[in-house]
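These notes are about the structure you will find just below.
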Amino acid sequence: MSKPILYSAWTSSCSSRVRIALALKKIDYEYHTVDIKTEEEMREFAMTNPAKKIPILKINGLVLTESLAIIEYLDEVYPDPPLLPKDAGERAHARAIAFHIASNIQPLQNKAIIHKLNEKVPGYGAEVMDQRRHLPWLRSPGRASEDVLWEYCVGDQITIADLNLPSIVYNATDKYNVDITPYPLICKINKTLSEIPEFQASEPARQPDAPKKI
Ligand SMILES: N[C@@H](CCC(=O)N[C@@H](CS)C(=O)NCC(=O)O)C(=O)O
């Protein structure tokens, strides 16, 4: 069976979730940078994923899309280490944090969407990027994320929830200049994760397509 191929980009938060899962599960893969410059490349890319989004993982003869679906596939086929808690309640909780970040926070930080909305409603993009509007997105609807995160996001085991946290903190702080100090628990867990080699290897600056430091 050929090596899995991950279609990724160094800045892509959705791809970084999958990079962490592959690293934790010690799956060797080829990194394929998606850099659409020509019509032909765009057509080829659209054939691989009609949604024209990354990540895409080619593995075991399959073409997988949607970061959380990819992570769950990897967890089923390569169960060690598990990324979902054994307890059904904790499992629902880990998924809730992951879904919240992937469905409610990341889409609103997606530059392509911001630019599109900006074309229709002038000034919308700037308004969305305003940090006052980003801060509530670091919280869960109804319940503050701060209340529900423990040692890791859920209990004392790395779960699918943790795979989603670093990139959203990176987006908030590095891309949108959000001050996250009012969220000490998120800061603490993010620091814990940043010291784990598999999380470090998946950081944007360490990807092969990241700009080289001079
Ligand atoms: N829900 C999808 C979102 C994928 C997504 O938005 N990917 C971004 C990069 S993080 C992308 O491909 N953006 C290009 C675009 O929107 O044109 C997932 O979790 O995989």
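The values are calculated or read from the model by the stated rules, or taken from the named source; none is laboratory data. From a predicted model like this one, the values you see are computed outputs, not experimental measurements. Here the Cβ positions follow ideal geometry from the backbone for every residue, glycine too, while neighbour counts run over all protein chains shown. Surface areas here come from the heavy atoms of the whole protein model, side chains and all, with no ligands, DNA or RNA. Shrake-Rupley method; radii C 1.70, N 1.55, O 1.52, S 1.80 Å.
Assorted remarks:
- Apart from one condition, residue 29 fits all of (1) within 23 Å of residue 189 (Cβ to Cβ); (2) touching a helix residue (DSSP H, G or I) at 6+ places or on another chain (Cβ under 7 Å); (3) more than 15 Å from the ligand (Cβ to nearest atom); the exception is (1).
- Residues (outside any loop (DSSP other than H, G, I, E, B) and within 13 Å of the ligand (Cβ to nearest atom)) located in segment 64-89: 64, 65, 67, 68, 69, 70, 71, 72, 73
- Contact map, segment 64-92: first residue without any contact (Cβ under 8 Å) to a residue 60 or more places away in the chain and over 20 Å from residue 165 (Cβ atoms), second residue crowded, with 17+ Cβ neighbours inside 10 Å and among the basic types (Lys, Arg), Cβ cut-off under 8 Å, separation 6 or more or different chains; pairs are 64/58; 65/53; 78/25; 80/25.
- Among the candidates 126, 102, 98, 92, residue that is open to solvent by 40 Å² or more (accessible area, probe 1.4 Å), at pLDDT 75 or above and part of a helix (DSSP H, G or I): 92
- Across segment 177-208, the number of residues qualifying as assigned to a loop (DSSP other than H, G, I, E, B) and more than 19 Å from residue 109 (Cβ to Cβ) comes to 4.
- Given (1) more than 15 Å from residue 93 (Cβ to Cβ); (2) at pLDDT 80 or above, number of the condition residue 137 does not satisfy: (2)
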